[in-house]
Every structure is written in C-alpha cells, then in structure tokens.
Amino acid sequence: MLKKFSLVLVILLTCIGCDSKTKESLYNEGVQQLEVSNPGAAIVFFKNALEKDGNYLDARFQLAKAYAALGKYEQAEKEFTKVLTQNPSRDEVLLELARLNNAAGKGDLSFGYATQYLSRHPGTVEGLEAAGISCLVQKKYQDARQYLIQALNVDPSRSTTKLKLASVDMATGDIEKAKALLNEVAQADQKNFKALYMLAAIENSSGHGERAATLYQRILQLDQNQINAQYKLGLLLLEKGEVDKADQSADQMIKTFPSKGDGYRLKGLAAFYRKKFDEAITSLQQSVKLSPTLEAYHFLGLSYYSKGELENALSQFRVVLDRVPEARKSRLMTAQTLLAQKRTEDGITEIKKVLASDDKDALAHNLLGGAYMSQGLFEDGMRELNLATKLDPKMVNAHLKKGAFYFSKGRYAEGETELATAVQAAPDAQNNRLLLASYYQSQKKTAKALSTLQSGLKGGKTDAPLYNAIASLQLSAGKKAEGIKTLEQAKQVDPAFAATYQNLAGVYAATGDYPRAMAELNQLLARNPGNLRALLGLAALSDISGKEADAVAYYQKATQTKAPEAFLALAGYHQKKGNTAKAIAVLDEEIKLDPRAISALEAKGRILASQKEYQKALKVFDQVEALNEERGVALKIGAYVAMNDSSKAIEQAGRLIAKRPGSSQGYLLLATVHQSLKNIPAAINEVNKAIRADAKSVEARVALGNLYQATKEYDKALASYQYAQRLNPDSVAAQFAIAAFYDVTGNKKQAVGNYRAVLQKNDSYVPALNNLAYLCADGYGSKEEALRLAINAFKLQPGNPGVMDTVGYALAKNGRSADAVKVMERAAALLPNDPTVRYHLGLAYYLAGDKAKSEQALQKSLSLGQSPDAKAAQTLLSQLKR
C-alpha cells in the first residue's frame, strides 16, 4: 500500500500548479521530463497542455513520443495519427510512425510509412534507415541490407545505421562482418553501449561466455549504473551453473537498485534454475511490479507450468502475446500448456500460428507431431515429426538426436539402432515408438513397424493411439477388414478418443459408404459437440450426398468454434452455390473477429473480383497489402489484369521492383502481366531478371519452366523444373511441376510416381491429391485409391469445382453412378464451359442409365471445342446413337 500511495503522491505533486501554468511552460516541462527518461511524468504535462489547447500539435506530438517511450504503442499511434490528420505536411510523424511500428514488430506497416516519407524526401538517411529497419523486422534481410547501405552512403558516420546493419549480418550468420561494424562504432564512441551489448551478445551466442563477461564488465567500468550489464553477467553465471553466485549478484542488485526490477528478475531466474518455483514466482512478480518485461512474464509462466498451475501459466504467456503476438517461445509454451490441459485442438491452433510465420520451425513441427499423435492421427503426426527431425537433427533426447543425425547423413542402420535404443530406454514414450515405426514403414519394413507398435500395447486407454497407428499400416497395405477391426479395438479401449472415429469415417468415405462414415462422425460429435474435423467432415459428406440443408447446418456449427478454416469452408460452400452475398457475409464475420485474417480478406477480394466489382476488390486487396505487401500487390495485379488495365498492373509490379530491386517477386509479378497479354518473350525476359536478382529462387525457375511449357519447348521446361528441384530437393512446388509436366506430356506412369513423391512430402497438397486421383481413376492405380484421394482433396477444398469433378469421376469408376451424377451436376454448374466436366457428366448419366441426358451432355462437351477427352466423348456418343 505504501508504494501505491507514494506513486499517487508523485503524480499529484507533478500536477500541482498545472492550472496556473501556460501551455508553453507545461510543454517545456514535459520535454525536460522526456530528456531525463521520465515519460510517465512527461505525459502528465503534455496532457495538461492539451487541455488548455486541443490543437497544440507540438504537445500532441511529444505526448505520442512519451507513450512510445513507455511502450504504449496503441496510444502513441493514436496521437501521432491525430497530428498527421490535423497537419498532413508534418512529415516527421511518418518517421515516428515507422519507428513505432518497427518497435511493435509490425514491419509491414512501418515499411509503408517509411516509403511514404521517402517519396516526399528521396534519398534521406532517416527514411532509408527506417525502410531498412522495417525490412529487418520482416526478416527480409537482402532488402534491409540494401536500404541500410544506401543510408550509410548518405552518412558514412551514422552509428544507428551501422548497428542495424550489424543486426542484419547477425541474422544472416555473417558474424565477422557484424563484429567489424560494431567495433567500428565502439571505437568512434567508447560509450556507445548498444554496440558493446551487441558485441557481448555475439560472443555469448558463439560460446565465448568469458569474452561476453569482459564486455559487460567494460560497460560497468564506463557506467556503474548500467544495471542491464549486471543482469547479463548474472545470466552468464546461471548458464555456467553457478546459481549461488547469480543469486548473490541478484541480492546486491536489489540492494543497490531497490526500485528496479532487474535484481528481482535475476533472483527469480536463479530460483527457477533451482526448481524452487514458489520462490521464483514471488521474485518474478516483484520484478514485473517494478519494471515489467516480457522475459519476466515468460518465466513466470514457466514457473506456474512447472508447478502444474496451468491456467496461471496461460495467463502469463498471454500477457506476452498480447504485447508481442510474434513472441515465438511464449506462443509455443501456450500451445504446450493447452496440450497438457488436453485442449488439443486449441494447442494445434497456436502451433499453426507459429508455423504460419515460419514453416521451418523444427520445435513447432515437433510439438504439432506430438499433438497429432495424441489424437491418433498417425500419418499426420509422423509427417510433422519427420519434418522436425529433418529441419533440426538435434531435436529431443540423446538417442533421438543421434538417430536423426545418422538419418540426415544417410547412415540408416545406425539411425535405426539409436531410435530402437530410445524406445527401449523409455518404453512408455509413445512418440519415440511411433517415430521408429514411421521410419520402418518408410523403409518398407512393415512387419518391423507393426511389431514396434504392438509391443507397446498395455491393455488400457493409452493403447488407442497405437491401435490407430497399427490400423494405418494395415490400411496402407490394402488390408481394409483388418484395419477396421483394429480401429474398433481402439474404440473399445478408449471410446472418447476422437481420431478413431475420424479414421473409421475416412475408411468408409473412401469406399463411398457415406452413411457409415457419417455415423462414425456423428458418434464423435455426440461425445465432443465442438469437434471441428467431425463438423467439417460431415458437412463435406452431406454436400457430396446432395443433402444441402445438412451441409449448411454443419458448416454453421463449425463456425461456432471460431476456427478460420470453418469460415473459409462455409464461404466456399455459399460461393459454390452462387450465393456470393452470403459468402462475403461469412468472411466479414471472420474479419470482424480477426482484422488481420489474410486468408479471409483474400477470399473476399477474389469473390468481389469474380463478380466484376473490381473497385471493392481493390480496396480489400489494399488491406491485404498492408499485412503482406507482396501478396497484396500480386492480388491487385490480378484484378487489374481482369479489368484489362495492363498499365496499372505493370505500374504495380514496377513499384515493387523499385522498392525491392534485389528481390525476385516484382519481376515474377511483371512476368504474369506479360503472360496475360500473350507476350511470352517479355514474360521470359522478366523471369530471367528475377533469376539474376535471386539465383536461388525456386519459384522463378518453376515460372520459367511454365513459360517454356506454354510454348511447347518441353526440353527447356523440364530442365528448368529439374534445376528448381536441385536448388531445393524438398520443394513441393518443383516436384509437383515435374509431375504435372510428365502428366501433360503423356508419361502418365512417371507422373504417378512423382505425384506420390509430392504427397510423401505433403499429404495435404490438393493439386497432387486431385491429379493422382484422376490418374488412378483412369487405370494408373486402383479405383478405390482414386476415390480415397479425391475425397481427401474435397475435404480440404470443398469449394473447388475441379476437385468436385474428380470426385464425381472417381465415384462413377467405383460403380456409384447415382452419387456421381449428383456431384457432376454441381461441378458442371460451376464450370459450365469446361468440355472435360461435361464429358464426365455424360459418362455419369450413361452409367446411371439416363441415355437422353448423357447424349445431351456429350454433345455439349464436343461443342465446347477441343479437349483431351474429345475422342472418348465422341466414341460414347456414337455408341449411344447406335
């Protein structure tokens, strides 16, 4: 209570006499408080000045800066915007907004302000530096480097620019360059503490703790009040395991700086290292009272998590995420905590947010794999776990580390031994067992995989994930009856295990037994009414079965979970039915929940563009551009092309090239414009420019291959695709391009193999699922597999008429002609001028016994021009007429 009273007293004393002072004197006192790093008191003075004159722009400008200094970014942005509204020519506000958004981690917004400033003040060091920092925040390191080097060319002695350029070097692994820049800054200004702190951080991350300690001690020699240096020295002690010394250092810091939170934070961390979580919580709570930091909140969350107080842990992690949504560690711990609470779907949602920012995050893939495993989704789980160990062979426990390392080096026998050792060492660790089984399966050692899984069975609820994994192996071997029997065993040992019902539904749906598939999903919903997968599965199956009212009802129930994919699925359904108003209303509902929902914004813009409401679409794409510039510009170019306004399309691409000459994206977008104008040589020229800008761009090589394929220069096309794959052997886009090339050029067997290779990398890649399903239906695989693949694609993209066409074709090939007719009629309504879809509809009518409608559909197909199915359509039509 005493501390709270003291704080109130300080504010009251600050305000005494404010009424009698002029706005100018209040302003001057506020500026003085800012100069002595007291933004809280400065805010009081500036607010009082504004009470006297609401149009006092200088006071409002400084008020915004004071809020920014306190880390209150929303209030700061609000005040800066007011200044800009009242005086649009006050350009320094653009710089402040750029800096503010950079500090808040919103590099995309910052870049817009920085480039706006540069358009008014070309070549200024401040604008170039702000643009460079915004690119750094967005991890666009090549662009960041270019802007910052330009800034240094303007002012070679500017230390802030050198520090940021050093940050770029650190991020890209060029440590020696970074150190050279930082030493240059430190030599020019011995008290440039930022340079010294950065040098220390480099030494510490490079494993040179003693060198880092020397630098921190140097900082303290220059200024003994640099408490952050003392704190960092304490952290180094903790890293060395000298917890007692760190604790003593914390006590000294608390004694010397009782009003600062750093000493308490260090003491809390020392207690956390000792696993004295109650003591850690007490110290960390005191730390955040005195000076809140994200680190303290994060470790508070870890302390509560370690005690098993999961809701309290979540509260702390959410504090971090509210302030910095991009905070990876707190996002992953939020996910981990939700998984520990058995809130698996919520946990998966959080993990996917991390992967949306960085799909190369090994730990996130590892967590996601474990989450899928806990749901019994063996294939999904194994895909994620394998990807995690591929991205980072040094993942989890020692045996797994070694196993993954050996696999990454091609030493499979040793890797297998290490994984087997891991299972023996911890027989209850299911993830290890499942990972080993996955490895055996990938090596086609199915018997070993089954044995590994079966040896883990214990006769209780924990067997359910293993039974699901065993069933997956049986089903993949074509043993449907055994797979179903095993899944029924899983249901018996744990009737509440969701994945069992989903997997059984998948088996029945893949063979066209929709009633049984839906029965399984309804059983799951009876136990778990909010299960998103069950709701979307029932919606898709109802749609395929022609039960439109049921489909809508399930989609609407799915949206009650607030999951983005539910809104997109319902919107896609309405769009497919031609009800664009309803589709947009659904997307608006999601956008209201999350204004930064790029997928929803993009879908809305595309619908508007398809209705030729181009101006409305462009406004939506402006919103996308504010969130993701390259994506937004690409969408706007597409809209301008559809409007036949090629000059504006070219202007948009040119603007991106001017901003980022070292990036391939602008050139690739310009190539698409030329391609739309049928100017293939110009398009090829732009793609070659993209390759010169970024020689490692897989996208550029694939785009070049597509252009060569369009001109039937097949040798060049294939060479370009293969070059792309050599650049990145894991690229799904390159692998798919090669598969599609073989498909189009008639080498169907080779195409099948390549499509399967794509699905091994990503079994949710709809183009590969769809194309492989089609080839299987045409006899290059089993008709049963064709239907399974097509339904999997449909579940992922229920609004895609091309996928719907493949589903109908696979149904027809599986003898389900009545179902095929229903699906094909909807596909034909969505693609009325596609000759292949009309041929498939004619085939479905023929198989269903409706010869009149079959003849009509086939004649329509032939009237629409040449297609790969023209000969088959003519043959069937002739047969009907006989």
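Please treat every number below as a calculation from the coordinates, not as lab data. Fair warning: this is a prediction, and the values are worked out from it, not measured in the lab. Ideal geometry is used to build each Cβ from the backbone, glycine not excepted, and the neighbour counts take in all protein chains shown.
A compact table of results
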item	result
Among [x] -0.41, -1.10, -1.24; [y] -0.31, -1.10, -1.40; [z] -0.35, -1.14, -1.37, the entry that matches log10 I(q)/I(0) by the Debye sum over Cα atoms at q = 0.05, 0.09, 0.10 Å⁻¹ as calculated here	[z]
Cβ-based exposure ranking for R816, R606, in which fewest neighbours within 10 Å come first	R606, R816
Cα gyration tensor of segment 763-882 - equivalent ellipsoid semi-axes, whole Å, descending	23, 14, 13
Tilt relative to the chain, helix 580-593 - C-alpha long axis, 0 to 90 degrees, to 10	30
Rg [Å, one decimal], Dmax [Å, integer] - segment 536-662, C-alpha atoms	16.6, 53
Positive-end residue, the chain charge dipole about Cα centroid, Cβ charges, pick of Y640, A872, L338	A872
Projected area, mean over directions - segment 745-830, Cα convex hull, nm²	5.3
Segment 763-882: Lys pairs at Cα distance under 27 angstrom, eight or more positions apart or on different chains	28
Unit Cα scatterers, Debye sum, segment 31-92: log10 I(q)/I(0) for q = 0.13, 0.18, 0.27 Å⁻¹	-0.29, -0.57, -1.15
Percentage relative contact order, the chain, counting C-alpha pairs under 8 Å, at least six apart	4
Highest to lowest packing among 630-639, 714-723, 344-353, scored as the average C-beta count within 10 Å	630-639, 344-353, 714-723
Relative contact order (%) - criterion: Cα under 8 Å, at least six apart; region: segment 255-368	15
Selection from Y846, L504, S291 lying farthest towards where the dipole of the chain points positive, charges on Cβ	Y846
Mean Cβ neighbour count within 10 Å, used as a protection proxy, ranking 620-627, 874-881 highest first	620-627, 874-881
Anchor K47: lysines whose Cα lies under 24 Å away (excluding residues fewer than 8 positions away in-chain)	K4, K21, K23, K65, K72, K78, K82
Spatial separation of Cα centroids for segment 856-882 and segment 654-671, in angstrom	45
Size of electric dipole in segment 763-882: Cβ of Lys, Arg +1 and of Asp, Glu -1, about Cα centre, debye, nearest 20	360
Between helix 498-510 and the chain: long-axis angle, C-alpha atoms, 0 to 90°, nearest 10	30
Gap separating the Cα centres of segment 529-587 and segment 209-278, nearest whole Å	55
Above-threshold pairs, the threshold being 18 Å between Cα atoms, out of K577/K604; K232/K267; K329/K352; K140/K179	K140/K179
Solution diffusion estimate, µm²/s, Stokes-Einstein, segment 84-185, Kirkwood Rh from C-alpha pairs, 37 °C, viscosity 0.692 mPa s	243
Estimated dipole of segment 576-730 in Debye, rounded to 20 [Cβ of Lys and Arg +1, of Asp and Glu -1, Cα centre]	220
Highest-first arrangement of 728-739, 74-85, 295-306, where packing means the average Cβ count within 10 Å	295-306, 728-739, 74-85
Between helix 614-627 and the chain: long-axis angle, C-alpha atoms, 0 to 90°, nearest 10	50
Student exercise, the chain dipole from Lys, Arg, Asp, Glu Cβ charges, in Debye to nearest 20	1340
For segment 763-882: relative contact order, % (alpha-carbon pairs under 8 angstrom, 6 or more apart)	17
